[in-house]
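What follows is calculated from the coordinates using simple rules that are stated; it is not laboratory data. All of these numbers come straight from a predicted model, not from anything done at the bench. Here Cβ is always computed from backbone atoms with ideal geometry, including for glycine, and neighbour counts include all displayed protein chains.
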Amino acid sequence: MSPRSRAACRVAIVGYAHSAVQRHAGRPLGALAVDVAREAIADAALEPETIDGFVTAALFPTSGDHAVEDGVSIVSADWLAMHVGAAPRYAAGFQGIGQIPGSVSLAVNAIAAGAADYVVLHRALHNPAGGYHHNPMREARGSRQWTAPQGYFGPLPMIGLPYNEYLQRYGASREAMAAVVVEARKNGARIPWSYWYGRPLSTGEYLAAPMINDPVCRFDCDIPVDGVAAFVLTSAERARDLPHKPVYIAGYASSPPPAPRLPLHWPLDDIMDGGAETARRLWEHSGVGPSDVDLPQVYDGFSPFVWFWLEALGLCPVGEAHRFVLDGGIDCDDPAALPALSGGGALGNGRMHGIPQMLECYLQLSGRAGERQRRNATVGLACHSSPHYGGAVVYTAEPW
Amino acid sequence: VTATRPLPMPGEDSAPYWEAAARHVLAVARCSRCRSYVVPPGQTCPRCRATDPGFVFEQVSGQGRVRSWIVMRQSFLPGFSAEVPFVLVDVELAEQAELRLIGRLLDGPDVRLRVGDRVTVAFEDVAPGVAVPAFVLGGDA
C-alpha cells in the first residue's frame, strides 16, 4: 500500500475572499468574518445554504492576558456558520499548532470522506487594544514557573535563542537577515490589501532599527492586525462545474510531537530535527518532492523561520540559507530563483498567520494573481509556524 | 523593584526545586527509574517513559556551558523595566547532554559571549524566601 494519502488531489480550492489587513478594522471581527465568508462563497458561485462544512483554527496567538471571546477576539467555525446563516453537517476547529495546515487537513478529510461537500475554511485574526504580548502576571504558575521569574516570556525570546544559535553556528549576519525582510516587504508592498501596501523596506532601514531582544529587531516580527480570509473547498469532481480554475491539495503534514523542554524553549537542533520529520511526512503524504516545488511559500511570522524552513524542506543545504537568500536565491523577480516570499508572507502583509502563504499558492496556481501573476507556477507549498512545531500543505495546478 | 517581578508559585511536583533555590542550591529532578535528569519534570519520564518516575530533586554542580543567549531590551512582564537591558542565557548543564536551563546572566548587558562559554549558577533573591536561579560567567565545567 502506498503511503501517499488517498485524499491526494481529490479536494480543491474553488474560491476565496480576503479583507483589508489593518491595525484596527474599526468594526467587530465577527461581522468582518461574515462579510468575507459570504464574499468567498459568492466568489465560488455558490450560495450560503449550499455550504455544509465550516472549519477553522481559532487560536488567538498572543501571550498577553487578553480575553478570548467568540466573535470578538476569535471567530470559531460554529460562530461563523450560525451568523452566515448556514446549517452545516460538519463544523470543526483545529486545536494544534500549524493552524492553517491543520484546518486544511480537517477540510480535506471531511470532503474526501463525504462528511461535507462544500467547506468554508476561514481564519480571523484580531489585534486587541493595548500591548499585544504584555502580561501583568504577578504569580508564575504551572509551566510558567520555570521561565517567567527570570524574564523569559513571550515569542520574541523564544525565537531569539535559536536565531542566535544559527548566527553563531554558521557565521550568519544581520545583513543576511535584512535580505529576507526586504524581500518580504518588497512583495507585500505590491499587494493592495496588505498593511504594508506601497511601503517597501530598505536594507538601511532594517539595519538601523533598534533591537528588541538582540538579535531580534522590530522588523523581524510581523505586525499584529485585524484581518480575515476565507476559502471555499470542494471535491475535485464538483470543482469542475465551478467558474474558477481549481487548485488541488496534494497533501499536508503537521509536525511530530515536540521534545520536552522549558516553555517556549526551541533549541535550533529541535527545530531542524523536527522539521526534517515534518518535511518527510509532507513528501510522503503528497507524493511530491522538494525538486518539484516551484512556488514554496515559507512561513515568516519571525524572519528566522525563513532560513529554518528553506533548510528543513531541503530547498538549500543546512547552514546555507543565509547565504542563499543574500545571493538572491528567493528574489521573486529573478526567474531563476525560488520565489519563497512572493506573497509577501506575514512580514509583508501583517500577522495573518499562514494565510499569506496559502493565498499566494491559490492565486498563482489558479491564475488569479493579476499583475503579480507568475508564469509556469505548478506546485506550491505553504508553510505555517516553525518546521518542528507547525505544518505545511502542497498545492498543485493540476491533479498530481 | 524586584518584588514586582512574577514570583514562582511552586506546585506539588516543583516545591523541592524552589525550596533548594531559596537556600541557593540548584537541585534538578531526576527519574528514580532511569536516573536521567529532567527539566522541567512532568507526568512521565521523557527518557524511559515511566508513568511513575518518582522524580527526586538532587543537587547538581551548577556548572554549564552557554548554548545561546539574547539581550532583553524590552520585557512583556512586570518588574523588569528597571532591569533592561539584561542577558538571558540558554545553558547546557554539565551533568547531562541537552539538559538545558534558561536564566539571567548577572555579568551585565555588555559582556562578550561565545557559544561554549563556561557559567556557574547564581541566585537572585527576589522576595523573602524566594530565590531564582541565574548564572554568572566562569566555572570549571
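How about the stretch B:104-141: which trypsin sites (Lys or Arg not before Pro) there lie in a loop by DSSP and see at most 12 other Cβ atoms within 10 Å?
B:112, B:114
Net charge near residue A:344: determine it from the other residues with C-beta under 13 Å of the C-beta of residue A:344, scoring Lys and Arg +1 and Asp and Glu -1.
+2
Arranged from highest to lowest average of other beta-carbon atoms within 10 Å per residue, in what order do the peptides A:101-111, B:67-77 appear?
Ranking the peptides A:101-111, B:67-77 by packing returns A:101-111, B:67-77.
Which of the three applies to the stretch B:25-67, rounded, prolate or oblate, going by the alpha-carbon gyration tensor with a ≥ b ≥ c and a/c under 1.5 meaning rounded?
prolate
At q = 0.07, 0.08 Å⁻¹, what is the log10 ratio I(q)/I(0) for the protein assembly as shown, with the Debye formula run over Cα points and no solvent?
The Debye formula, applied to the Cα set alone, gives -0.41, -0.53.
What's the percent breakdown of Cα-Cα distances in the stretch A:191-293 across 10 Å bins, shortest bin first?
P(r) for the stretch A:191-293, in whole percents per bin: 10, 20, 29, 31, 8, 1.
In Å and whole numbers, how far do the C-alpha atoms of the stretch A:161-202 stretch along each principal axis, longest first?
Taking max minus min along each principal axis of the Cα atoms, the stretch A:161-202 gives 39, 17, 9 Å.
Pairs of alpha-carbon atoms within less than 8 angstrom and 6+ residues apart define the contacts here; what relative contact order does the stretch A:111-243 have, in percent?
Reported relative contact order: 42 percent.
Go through the stretch B:82-98 residue by residue and turn each phi into a ³J(HN,Hα) via Karplus (6.51, -1.76, 1.60, θ = phi - 60°); whole Hz please, and just put x for glycine and proline.
Values, residue by residue: 7, 9, 6, x, 9, 9, 10, 10, 9, 10, 8, 6, 5, 5, 7, 4, 6 Hz.
I need the per residue convex hull volume for the stretch B:1-89, using only the alpha carbons, in cubic angstrom as a whole number.
130 Å³
Please give the per residue volume of the convex hull enclosing the alpha carbon atoms of the stretch A:111-256, rounded to a whole number of Å³.
Convex hull volume per residue, Cα atoms: 219 Å³.
Work out from phi, with θ = phi - 60° and the Karplus expression 6.51 cos²θ - 1.76 cosθ + 1.60, the ³J(HN,Hα) of each residue of the stretch A:242-248, listed in order in whole Hz, and give x for Gly and Pro.
Working through the residues one at a time gives 9, x, 8, 5, x, 10, 8 Hz.
What translational diffusion coefficient, to the nearest whole µm²/s, does the stretch A:327-400 have by Stokes-Einstein, given a Kirkwood radius computed over alpha-carbon pairs, a temperature of 37 °C and 0.692 mPa s viscosity? Write out the running numbers ahead of the final one.
Working: Rh = 12.9 Å.
Answer from the Stokes-Einstein relation: 255 µm²/s.
How large is the helix-only mean residue ellipticity at 222 nm for chain A, computed as the sum of -39500 (n - 2.57) over DSSP H runs with n ≥ 4, divided by its residue count, in deg cm²/dmol to the nearest 500?
-9500 deg cm²/dmol
Please list, in chain and number order, the residues 5+ apart from residue B:134 or on another chain whose amide H is under 5 Å from its amide H, with Hs placed from the backbone.
B:122, B:123, B:124
Scattering from the C-alpha atoms of the stretch B:91-141 alone, worked out with Debye: what is log10 I(q)/I(0) at q = 0.12, 0.26, 0.31 1/Å?
-0.29, -1.09, -1.31
What spacing in nm lies between the two simple spin-label points modelled at residue A:197 and residue B:140, each 7 Å away from Cα in the Cβ direction?
Taking the two extended label points, one gets 6.7 nm.
Using each residue's phi in the stretch A:190-200, evaluate 6.51 cos²θ - 1.76 cosθ + 1.60 at θ = phi - 60° and report the 3J(HN,Hα) Karplus result to the nearest Hz, with x for Gly and Pro.
These are the phi-based 3J(HN,Hα) values: 8, 9, x, 8, 5, 4, 9, 3, x, 10, x Hz.
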